[in-house]
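**Student:** Next up is a structure, given as structure tokens.
The values are calculated or read from the model by the stated rules, or taken from the named source; none is laboratory data. Note that this is a predicted model, so its numbers are computed, not measured. Counting neighbours? That spans all protein chains shown, and the Cβs are built from the backbone with ideal geometry, glycine included. We work out accessible area using only protein heavy atoms, side chains counted, and drop any ligands, DNA or RNA first. Shrake-Rupley method; radii C 1.70, N 1.55, O 1.52, S 1.80 Å.
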Amino acid sequence: MTDLRHPIFARLYPRIAAASAKAGVDAHRAELLAGASGRVVEVGAGHGANFPHYPPQVTEVVAVEPEPRLRRGAIAAAAGAPVPVSVRPGRAEELGLDAASFDVAVVSLVLCSVRDPLRALAEIRRVLRPGGELRYYEHVRGGTPRKVRVQRYADLVWPFLAGGCRLVRPTDALIPRAGFTVRAERRFEFPESGPNPASPHVLGVAVRD
Ligand SMILES: C[S@@+](CC[C@H](N)C(=O)[O-])C[C@H]1O[C@@H](n2cnc3c(N)ncnc32)[C@H](O)[C@@H]1O
């Protein structure tokens, strides 16, 4: 069974995403995808918020999404995308796609939520061709003990409210451990100020070794 059901989160997420798009997330999505080309797999595509940002050099996007309601949103968004997008069920840990069949893999705000991120990264690595790119935009574990402490407390309830998302996950450290070489990475706070425990972010490109 590939479906993962988070009905309340799935209902709220498109509205949260629309609000954060205006606050700066759209610019991050555009930065994430600038320069991508060829055949792309997008893992945990949600309701397709990245789709408008794919550049014309992308020949095809295979978007994998396990949550049925979000997947329906992605199918609707695919119809208006600037490049061909097909949407299918599946989980990051088991994509059900051919080995070495993609030039680029995209994850945005996803590796915080998958149960086993190293397994997911191994599976993403499997479907990428050698030299293929992993493009990632994720919130991550804080850079100070104080921030990590706040995240640990918030993580007592956060996963129940946010579709299984965990705040203290050191995704930026896991990517190199999973057999990728980081080519470029930008670490930043978003929002820039305030008490948001999900503010530490990374946006980068890593290459499959
Ligand atoms: C915060 S949303 C982000 C959605 C989208 N990537 C975006 O940038 O708007 C987290 C997404 O991860 C998906 N997800 C959770 N666990 C997953 C898994 N094991 N495999 C693939 N996707 C997963 C959720 O269904 C949801 O679509």
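**Student:** Select, from 135, 187, the only residue that is over 16 Å from residue 91 (Cα atoms), modelled with pLDDT of 95 or more and open to solvent by 20 Å² or more (accessible area, probe 1.4 Å).
**Tutor:** Exactly one of 135, 187 is over 16 Å from residue 91 (Cα atoms), modelled with pLDDT of 95 or more and open to solvent by 20 Å² or more (accessible area, probe 1.4 Å), namely 187.
**Student:** Right, something else. Could you check residue 154 against (1) touching a helix residue (DSSP H, G or I) at 6+ places or on another chain (Cβ under 9 Å); (2) free of Cβ contacts under 8 Å to residues at least 60 places away in the same chain; (3) surrounded by 15 or more Cβ atoms within 10 Å (Cβ to Cβ) and say which number it fails?
**Tutor:** Answer for residue 154: the failing condition is (1).
Per-residue answers, yes or no, for (1) over 25 Å from residue 55 (Cα atoms); (2) of a type outside the set (A, V, I, L, M, F, W, C); (3) assigned to a helix (DSSP H, G or I); (4) more than 16 Å from the ligand (Cβ to nearest atom):
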residue: 111; (1), (2), (3), (4): no, no, no, no
residue: 121; (1), (2), (3), (4): no, no, yes, no
residue: 142; (1), (2), (3), (4): yes, yes, no, yes
residue: 148; (1), (2), (3), (4): yes, no, yes, yes
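**Student:** Quick one: how many residues across the stretch 22-33 are of a type in the set (Lys, Arg) and crowded, with 17+ Cβ neighbours inside 10 Å? Quick ask: steps written out before the conclusion?
**Tutor:** Quick first cut of the stretch 22-33, residues of a type in the set (Lys, Arg) only: 22, 29.
Then keep just the ones that are crowded, with 17+ Cβ neighbours inside 10 Å; that gives 29.
Number of matching residues: 1.
**Student:** Of all residues in the stretch 75-108, which are closer than 20 Å to residue 159 by Cβ and open to solvent by 50 Å² or more (accessible area, probe 1.4 Å)? Please lay out each step first, then the result.
**Tutor:** At the first step, the residues of the stretch 75-108 found to be closer than 20 Å to residue 159 by Cβ are 91-93, 107-108.
91 - this is the single residue of the stretch 75-108 that is closer than 20 Å to residue 159 by Cβ and open to solvent by 50 Å² or more (accessible area, probe 1.4 Å).
**Student:** What do you reckon, is residue 164 under 17 Å from the mean Cα position of the chain (by Cα), under 21 Å from residue 49 (Cβ atoms) and assigned to a strand (DSSP E or B)?
**Tutor:** Details: under 17 Å from the mean Cα position of the chain (by Cα): yes; under 21 Å from residue 49 (Cβ atoms): yes; assigned to a strand (DSSP E or B): no.
No.
**Student:** OK, next. Right, residue 200: open to solvent by less than 40 Å² (accessible area, probe 1.4 Å), of a type outside the set (A, V, I, L, M, F, W, C) and under 15 Å from residue 28 (Cβ atoms) or not?
**Tutor:** Taking the combined requirement at face value, the residue satisfies it.
**Student:** If residue 59 passes every condition in (1) near the ligand (Cβ under 9 Å from one of its atoms); (2) loosely packed, with under 15 Cβ neighbours inside 10 Å; (3) not small (Gly, Ala, Ser) but one, which one does it miss?
**Tutor:** Status for residue 59: all satisfied but (1).
**Student:** So in the stretch 34-43, with the set limited to residues that are open to solvent by less than 20 Å² (accessible area, probe 1.4 Å) and more than 15 Å from residue 78 (Cβ to Cβ), which one is farthest from the chain's Cα centre (by Cα)?
**Tutor:** If we filter the stretch 34-43 for residues that are open to solvent by less than 20 Å² (accessible area, probe 1.4 Å), which is where we start, we get 36, 38, 40-43.
Now restrict to residues that are more than 15 Å from residue 78 (Cβ to Cβ): 36, 38, 43.
Working: 36: 15, 38: 19, 43: 7 Å.
This residue is 38.
**Student:** Taking the stretch 92-109, which residues are in contact with a Lys or Arg (Cβ under 7 Å, 6 or more places away or on another chain) and near the ligand (Cβ under 7 Å from one of its atoms)?
**Tutor:** 93, 108, listed by residue number.
**Student:** Let me ask you something else. Restricting the search to the stretch 1-21, which residues are more than 23 Å from residue 94 (Cβ to Cβ) and open to solvent by 60 Å² or more (accessible area, probe 1.4 Å)?
**Tutor:** Within the stretch 1-21, 8, 11, 12, 15, 16, 19 meet the criteria.
**Student:** Cβ-Cβ below 9 Å, separation at least six or inter-chain, first residue in the stretch 100-114 and among the charged types (D, E, K, R), second at pLDDT 95 or above and open to solvent by less than 30 Å² (accessible area, probe 1.4 Å): which pairs?
**Tutor:** From the stretch 100-114, the pairs are 103/36; 103/38; 103/40; 103/58; 103/128; 103/132; 103/133.
**Student:** Going through the stretch 91-106 one residue at a time, which ones are of a type in the set (Gly, Ala, Ser), touching an Asp or Glu at 6+ places or on another chain (Cβ under 8 Å) and either within 23 Å of residue 35 (Cα to Cα) or at pLDDT below 95 (or both)?
**Tutor:** 105
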